[in-house]
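The values are calculated or read from the model by the stated rules, or taken from the named source; none is laboratory data. Note that the structure is a prediction, hence the values are computed from the model and not measured. For neighbour counting, all protein chains shown are included, and Cβ atoms are generated from backbone atoms with ideal geometry for every residue, glycine included. In case anyone asks, the SASA skips ligands and DNA or RNA and just uses the protein heavy atoms, side chains included. Shrake-Rupley method; radii C 1.70, N 1.55, O 1.52, S 1.80 Å.
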Amino acid sequence: ISKISDAIIVKGQYTNSFSQILSGWDRKPLVRLDFYRENNAFELYKNISISMLLIVVFTSLVFWLIFHFTTRKWISQPLKLIMEILKTENNILVKKLRQAPGEFKNIGILFEKHINQKLELIDAIEKAEESEKLKSAFLANMSHEIRTPMNGILGFAELLKSYTIPEETRIEYIQIIESSGKRLLN
C-alpha cells in the first residue's frame, strides 16, 4: 500500500476516536489506523447531570417553601404581634402571642405581666392622688379649726390687757378664752 487513504467514517455525538500512522522499516508511512468507539457513558452522564440538576432545583424549591412558611409561622407573625402590642397594648393580641410557638410564648407572658403591672400602677397613682386631695382638705380644715379658736384666744387676751373693762365682762372674756382653749384641745 503506497498511499494512506482517507476513509469517511460517520461519528456519533459520543464517539471516541484515535488515529495512528504506522511506518515501515524505512520510516515511510504505510498505513493509518483509525479506531472509533461509541461511548454511551457521556450520554448517560449528560442524562444523570440533567436529572441531578432537576432534583437539586426541586429540592431547593421545596426547602425554600418549607423555610418560608416555618419562618413566617415561627418568627414573622409573632414579631408582627409584638409590634402591634407595643403600639396598642391590646390584651387580645397578647393572648394570641401567648399561643405562639417557641420563646414568643414567654414574651407574651412578659407582656401580660407588664400590662397588669401598668394597670396596678395607674390604680396606685389614682389612689395616691385621691389621698393627696384628702390630705390637703384635712390640713385646710385643721388649719381653719385651729385658727378660729386661736384668734378668739388672742383677741380676748388682748382685750383683757385693758384695765377699763368691767369685772363681769372680764370673767366673760376669760370663759371665752377657756372654751376656745378646750375646743383647741378637742
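How much FRET efficiency would the formula 1/(1 + (r/R0)^6) give for Phe69 and Asn40, where r is the Cβ-Cβ distance and R0 is 35 Å, rounded to 0.05? E(calc), rounded to 0.05, equals 0.25. Taking amide H positions as modeled 1.01 Å from N, with prolines and chain starts lacking one, the residues under 5 Å from Leu30 and 5 or more places away or on another chain are Leu22, Ser23, Gly24.
The overall shape of the stretch 40-122, judged from the alpha-carbon gyration tensor, is prolate: a/c is not under 1.5, and a/b is greater than b/c. When you filter the trypsin sites (Lys or Arg not before Pro) in the stretch 97-186 for DSSP loop state and at most 15 other Cβ atoms inside 10 Å of their Cβ, you are left with Lys161. Counting charges near Lys87 (Lys, Arg +1; Asp, Glu -1) among other residues having Cβ under 15 Å from its Cβ returns a value of +1.
When the chain is treated as a Gaussian network with alpha carbon springs shorter than 10 Å, the biggest mean-square fluctuation among His114, His144, His68 belongs to His144. Quick one: with all protein chains in place, what share of the accessible area of the stretch 76-147 is carbon or sulfur, to the nearest percent (1.4 Å probe)? Roughly 59 percent of what the probe reaches on the stretch 76-147 is carbon or sulfur. Of the chymotrypsin sites (Phe, Trp or Tyr not before Pro) in the stretch 131-170, the ones in a loop by DSSP (not H, G, I, E or B) with at most 10 other beta carbons within 10 Å are Tyr163. Loop-located GluC sites (Glu not before Pro) in the stretch 65-160 (DSSP state other than H, G, I, E, B) with a sparse environment of at most 10 neighbouring Cβ atoms within 10 Å: Glu103. Normalising the average separation of contacting C-alpha pairs (under 8 angstrom, six or more residues apart) by the number of residues puts the relative contact order of the chain at 10 percent.
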